[in-house]
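Written below as structure tokens is the structure these notes are about.
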Amino acid sequence: MDALVRELDACRQSAAKHASYTEANEAVTQDALITPILVALGWDPRNPEVTRREQSLSGGNHVVDYVCEIGARPHNKTVLLVEAKRARADLSQPKVRDQALSYAAREGVQWVLTTNGIEWRLYNYFGRVPAAEQLFLKGSIKGQVEDVAQMLRLISRDSFLSDPMALERLWDEHVARRSVYRAVLSANSEPALPAEVRQWLESASGLKDELARGTDGLVLTPDYPDSLPTAVWVVDDDRTAERKTGSPALPLAAEPSATPPSADPDLLRLFTAGILTSGTMLRGTYRGHQVNAQLLDATGSVKVNGVVYPSLNQAMNVARKAIKPDANSESAWRWWKVVNGSTAPESLADLRARLAQNQGSR
């Protein structure tokens, strides 16, 4: 039994033994159940360079319980927010989810965790789906603690340091599987469906459970719907993705180039200096709309709402024109700003200039 499993098992026993305390008081829940598990995951609040408690968010009117970071200042990056509740709290309530997602929105952080010390729920704020579907993983220590440990290891500090894109890959797999399941639902409801195809679909009784499983057998949640949502993504003749409800969305990425892209010299210098990394979060603002993105590598490829664009400039132009079709172009280096959750966003152009100045003064 490894250290994390032992800690989860100890917290399960503590939750049962001290239920009258943890169910009535959030602070007791944090100290008795939540903090020990976060410490086992490498997020130790005793080290403020790694985890900070009761952190004021942008605007100063809200406080998140735990802020988890990697990297040394001034290049530290917030990778996870944790919102704690007392042990008896119902995490399935939309208000709990919406509170956590609003904190992620304020700080530009992709991953946010809600927990009452017993149940743990991970949300992907950058997921291009309705809020109700941004729930990615969940587990409870009332079940098999080994299963919860498997899930929580994905958000450990070591995981973010060794492979910062691991969760993103699992999310993409989750979205793909959900799309397959929905396509099956849609096909099975088609009156003109050939009898042999309908028979095959009806015989695939385990399909839903199979599609709900992720890499290495990890069960990905939430459950897949029993019917298609009223607002679905469609693609028109201009390759523009939009919702039938009319809300704006970004066009699909252009066809990939036959020539592999090369690293941008300026980006490469920022990567080499450790100022940028794979997975650095970017934000652009246009006419009151915020566009969040993820920098993938030193070529400048960017992921926006699950769509990968080969350059900073293309991603910017697509995003701005989705907001206003006749939007003028501008410098992508000035438009995109790095968001790390602990300092004010800073444009790529300013980071480039500061690095050049520092290197020139040596």
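Bridge orientation summary for region 3-162: considering DSSP beta bridges with both residues in this region, about 80 percent are antiparallel.
Report the paramagnetic label zone for Gln290: residues of region 74-109 whose backbone N is under 18 Å from a point 7 Å from Cα along the Cα-to-Cβ axis. Flagged as within label range: 77-83, 97-109.
The string of couplings for region 4-12 from the Karplus curve (6.51, -1.76, 1.60, θ = phi - 60°) is 5, 4, 4, 5, 4, 5, 5, 5, 4 Hz, one whole number per residue in order, with x for Gly and Pro. Using the average count of surrounding beta-carbon atoms within 10 Å as a protection proxy, the listed peptides 266-272, 18-24 rank, highest first, as 266-272, 18-24. The charge dipole of region 3-162, taken about the Cα centre with unit charges on the Cβ atoms of Lys, Arg (+1) and Asp, Glu (-1), comes to about 100 debye, rounded to the nearest 20.
Gain on full extension, evaluated as 0.36 nm per residue between Ala263 and Ala353 minus their Cα-Cα distance, stands at 30.5 nm. Amide hydrogen proximity for Ser347: with H placed 1.01 Å from N in the peptide plane, the residues at 5 or more positions away or on another chain lying under 5 Å are Val338. Coupling constants for region 347-359 follow from the phi torsions by the Karplus curve (6.51 cos²θ - 1.76 cosθ + 1.60, θ = phi - 60°), and in residue order they are 5, 4, 5, 5, 5, 4, 5, 5, 5, 4, 5, 5, 5 Hz; glycine and proline get x. Rg of the Cα atoms in region 107-185, relative to 2.2 N^0.38 Å, amounts to 1.16.
Placing R0 at 30 angstrom, the Cβ-Cβ distance between Glu54 and Ser140 gives a FRET efficiency of 0.75 after rounding to 0.05.
Region 300-351: D in µm²/s via Stokes-Einstein (Kirkwood Rh, Cα pairs, 20 °C, 1.002 mPa s)? So the translational diffusion coefficient is about 182 µm²/s.
With θ taken as phi - 60° and the Karplus curve 6.51 cos²θ - 1.76 cosθ + 1.60 applied, the whole-hertz 3J(HN,Hα) list for region 144-149 is 6, 5, 5, 5, 5, 4 Hz, x standing for glycine and proline. For the residue pairs Lys17/Lys138; Lys17/Lys95; Lys95/Lys142; Lys77/Lys337, the C-alpha atoms sit more than 18 angstrom apart in Lys17/Lys138; Lys17/Lys95; Lys95/Lys142. Annotation: peptides 117-123, 317-323, ranked by per-residue average of other Cβ atoms within 10 Å with the highest first, follow the order 117-123, 317-323. Shape of region 3-162 from the C-alpha gyration tensor: rounded (a/c under 1.5, with a ≥ b ≥ c the square roots of its eigenvalues).
No value in this document is a laboratory result; all are computed from the given coordinates. Note that the structure is a prediction, hence the values are computed from the model and not measured. Don't worry about glycine lacking a Cβ; one is built from the backbone with ideal geometry, like all the others, and counts go over all protein chains shown.
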